[in-house]
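Here, each number is a calculation from the coordinates, and none is a lab measurement. Small disclaimer: the values here were computed from a predicted structure and weren't measured. Note that we place each Cβ from the backbone using ideal geometry, even for glycine, and neighbour counts take in every protein chain shown.
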Amino acid sequence: MFGMHLLPVRLDAQVTIAGTAGAPTIANGVGIKSITRLAAGTYQVQLSDNYYQFLTLRGSFGSPVTGGTVNMGSLNTGTVYQIVTLGTSTQANWVTAGVPSGITAAPGVIFKAAAAGTGSGTVKALGTSGCTNIELIGTPSTMMQNQPFQAGSGGYVNFQCLAPTNSSTTTPVATDPAGGSTIYLEIWCNNSSVQ
């Protein structure tokens with residue numbers, strides 16, 4: 001990577017949202033100590049270390065699976081599903097059902113149903129997170145250095161997840177992502193005062 005900042009540091013995490021209350025859990029992350037829900041759709045990330053300067057935050061949403069499990073024989077053509085269990089369905093059964101050729105069927109694989117399948121495999125339909133984007137709150141560089149410094153107790157980055165209030169009022173408001181959604185975060189910081 002080439003950049004004009006000396007010692008840039010990339011931190012990232014996958015945050016799963018549980019239930020309808022927007023409760024966040026870090027599924028895996030590098031350089032991120034914790035995440036806390038402050039209010040509806042509003043989160044505070046604590047970093048594992050202090051940094052000289054905040055550079056940028058990028059975020060995207062992963063859709064949740066929704067509804068009950070569907071058996072292979074009950075697939076609706078054209079619906080996008082995620083595999084839950086393979087059951088007795090063979091690789092050939094999954095490809096016939098719509099899994100792209102060359103992709104090994106496994107829990108978590110996404111496909112568009114081309115036909116009803118055979119065997120006892122199960123799937124769930126995909127929903128939406130309900131959120132459209134992520135927005136920073138405040139000036140992150142002011143919270144990069146947690147003072148007094150304690151090892152493993154780093155600075156903070158605050159953000160909110162936004163969604164329109166309804167189809168006729170498109171003004172975005174802070175909104176909890178739907179339960180089962182994933183927030184993919186990427187935070188860049190500068191670890192040096194030298195520019």
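Positive end of the dipole of the chain (Cβ unit charges, origin at the Cα centre): among L11, W188, I110, the Cα lying farthest that way belongs to I110.
Stretched out straight at 0.36 nm per residue, the stretch from T90 to V30 would grow longer than its current Cα-Cα span by 17.9 nm. Annotation: amide H-H contacts under 5 Å for G117 (H modelled 1.01 Å from N, sequence separation of 5 or more, or interchain): G73, S74, L75. For region 24-47 and region 103-180, what is the separation of their C-alpha centers, rounded to whole Å? After rounding, the separation between the Cα centres reads 12 Å. Estimated purely from DSSP H runs of n ≥ 4, each contributing -39500 (n - 2.57), the mean residue ellipticity at 222 nm for the chain is -1000 deg cm²/dmol once divided by its residues.
Counting Lys and Arg as +1 and Asp and Glu as -1, what is the net charge of the other residues whose Cβ lies under 11 Å from the Cβ of A21? For residues surrounding A21, the net value is 0. Close amide H contacts of A23 (hydrogens built in the peptide plane, cut-off under 5 Å, sequence separation of 5 or more or a different chain): A18.
Taking the alpha carbon gyration tensor of the chain, multiplying each eigenvalue by 5 and rooting it gives semi-axes of 39, 20, 14 Å, largest first. Phi-derived couplings, Karplus 6.51 cos²θ - 1.76 cosθ + 1.60 at θ = phi - 60°, listed residue by residue for region 11-17: 10, 8, 7, 10, 10, 8, 9 Hz, with x used for Gly and Pro. Under 5 Å from the amide H of Q53 lie the amide H atoms of N190, S192, each residue being 5 or more positions distant or on a separate chain, with H modelled from the backbone and absent for Pro and chain starts. When the Cα atoms of region 65-126 are aligned to their principal axes, the ranges along those axes come out at 27, 20, 19 Å in descending order. Taking 4.7 Å between C-beta atoms as the pairing limit, the chain has these partnerless cysteines: C189. Note on the chain: with charges restricted to the Cβ of Lys and Arg (+1) and Asp and Glu (-1), its dipole about the Cα centre is near 200 debye. Each residue of region 161-176 was assigned a 3J(HN,Hα) from its phi angle through the Karplus curve 6.51 cos²θ - 1.76 cosθ + 1.60 (θ = phi - 60°); the sequence is 8, 10, 8, x, 5, 6, 5, 9, 10, 8, 5, x, 10, 4, 9, 5 Hz, with glycine and proline shown as x.
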